[in-house]
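Could you have a look at this structure, given as structure tokens, before my questions?
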Amino acid sequence: MTRTLDAAHSAPGAAPTDRTVRLRAAWSAAWDLGDVDALDELLSPGYVRRRGPQSVEQSRQGFKDSIRAVREAFPELRTEIEDLVEDGDRLAIRWRSTGRHTGPFLGVPATGKPVEVSGATFARFDGDTIVEEQVTFDSRQLLEALGIITTSHGAAVEPDLVRGVHRKFITGVTVVTTDDEGTPRGLAVNAFSSISLDPPMVLVCVQRSSTTHPALHRARHLGISILAADQLDVAKTFAGKSEDKFADIQWSPGAHGAPLIDGSSAQLEVEIGERLEAGSHTIFTGRVVSARHDERAPLVYSGGGFFDISNTAPLPW
Ligand SMILES: Cc1cc2nc3c(=O)[nH]c(=O)nc-3n(C[C@H](O)[C@H](O)[C@H](O)COP(=O)(O)O)c2cc1C
């Protein structure tokens with residue numbers, strides 16, 4: 001028989017059981033106040049938490065660590081238990097969490113945005129303690145609230161068609177870099193643009209899945225090296241995923257510490273201003289704080305290929 005034991009939802013006269021009272025107390029202490037050790041009373045030492053369609057597993061300690069991390073990003077977090085249903089050793093909990101994003105989360109710095117996530121947890125007790133839980137929630141709700149993904153409007157135009165359009169736009173190739181506490185990091189980027197000359201501002205778009213992305217998010221400055229026509233090998237290195245892309249590359253730190261690629265046709269250092277979450281990318285805007293260029297012809301990227309334009313004839317204009 002299934003009974004609803006939440007006081008607000010239960011049949012008149014039904015009293016909450018010891019298990020539901022203890023669960024409410026431990027959840028409130030852990031999620032709302034950050035006292036994650038309160039869960040030790042409720043969760044058995046061998047507790048396993050399975051999350052999402054892939055049933056990603058978490059131990060009791062891993063769960064406690066993840067609550068701490070969530071609370072660092074959302075310190076005002078409040079979790080409300082909206083319904084509790086008990087059936088023998090099983091307990092189903094429908095919950096809703098609200099908070100404000102005031103600390104870094106999933107590589108995204110504080111957005112100040114309010115978020116709301118709801119889901120359900122299915123717990124199995126063995127005696128006094130929970131031995132396993134299955135948790136389901138709509139992570140898209142959270143990712144969308146933080147601007148990490150957009151689900152509300154589907155693609156109006158086929159991605160292949162858009163890709164074809166972009167192939168008609170000729171760009172240079174830059175290497176966007178940063179100093180990550182003494183370790184140089186970087187990736188090849190052609191989504192680079194001037195924003196304004198006065199004040200001198202530029203932008204770059206970096207995919208959030210890039211391994212350089214977290215370092216760029218932490219950084220105060222980034223470097224942009226516009227590659228020269230003879231630096232195709234450098235472009236390939238930085239478009240790849242090798243652990244130490246800088247190992248065989250000549251580079252020097254700029255005046256503000258950003259790694260700059262030697263032999264490139266132009267270099268900038270940028271003090272990062274805004275980090276705008278857009279689709280799958282982050283747009284980093286910033287003020288140019290150092291710059292140099294020389295006579296080397298730039299490497300050109302067009303239609304998926306690389307070109308040397310030093311031998312092309314200028315059109316009359
Ligand atoms: C010509 C060219 C242009 C690219 N432009 C961009 C870009 O604008 N933004 C981006 O995020 N990735 C861009 N990429 C892809 C990244 O360089 C590539 O995914 C790289 O492996 C990321 O490295 P990381 O994960 O080590 O940071 C470009 C690649 C090439 C070859």
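The values are calculated or read from the model by the stated rules, or taken from the named source; none is laboratory data. Note that the structure is predicted; figures quoted are calculated from it, not measured. No Cβ is skipped: glycine too gets one built from the backbone with ideal geometry, and neighbour counts run over all protein chains shown. Surface areas here come from the heavy atoms of the whole protein model, side chains and all, with no ligands, DNA or RNA. Shrake-Rupley method; radii C 1.70, N 1.55, O 1.52, S 1.80 Å.
Pull out a ≥ b ≥ c, the square roots of the eigenvalues of the alpha-carbon gyration tensor of the stretch 159-303, then state rounded if a/c is under 1.5, prolate if not and a/b is larger than b/c, and oblate in the remaining case.
Numbers: a/c = 1.21, a/b = 1.11, b/c = 1.10.
Rounded.
Mind checking the dipole of the chain: about its Cα centre, +1 per Lys or Arg Cβ, -1 per Asp or Glu Cβ, Debye to the nearest 20? The partial results should precede the final answer.
Values: 33 positive and 43 negative charges, 107 e Å.
For the chain, the charge dipole is close to 520 debye.
Identify all lysines with a Cα-Cα distance to LYS236 below 17 Å; exclude those on the same chain that are fewer than 8 residues away in sequence.
Within the straight-line limit of under 17 Å, LYS236 reaches these lysines: LYS245.
Under the rule a/c < 1.5 gives rounded, and otherwise a/b versus b/c splits prolate from oblate, where does the stretch 15-147 land using the Cα gyration tensor?
Working: a/c = 1.74, a/b = 1.73, b/c = 1.00.
Judged from the Cα gyration tensor, the stretch 15-147 comes out prolate (a/c at least 1.5, a/b above b/c).
Between HIS281, HIS256, HIS166, which gets the highest mean-square fluctuation from a Gaussian network model of the chain, Cα cutoff 10 Å?
Of HIS281, HIS256, HIS166, the most mobile in the Gaussian network model is HIS166.
Follow-up question, since we're still on this one. Report the accessible area of PHE105, computed with a 1.4 Å probe over the heavy atoms of all protein chains in place, in Å² rounded to the nearest 10.
Solvent-accessible area, nearest 10 Å²: 30 Å².
How large, in percent, is the carbon and sulfur part of the accessible surface of the stretch 159-303 at a probe radius of 1.4 Å?
Carbon and sulfur together cover 54 percent of it.
Could you work out [θ]222 nm for the chain from helices alone, using -39500 (n - 2.57) per DSSP H run of at least four and dividing by all its residues? Round to the nearest 500 deg cm²/dmol.
Numbers: 6 runs with 53 residues, N = 317.
Calculated mean residue ellipticity at 222 nm is -4500 deg cm²/dmol.
In whole Å, how far is the Cα centre of the stretch 202-280 from that of the stretch 121-143?
41 Å
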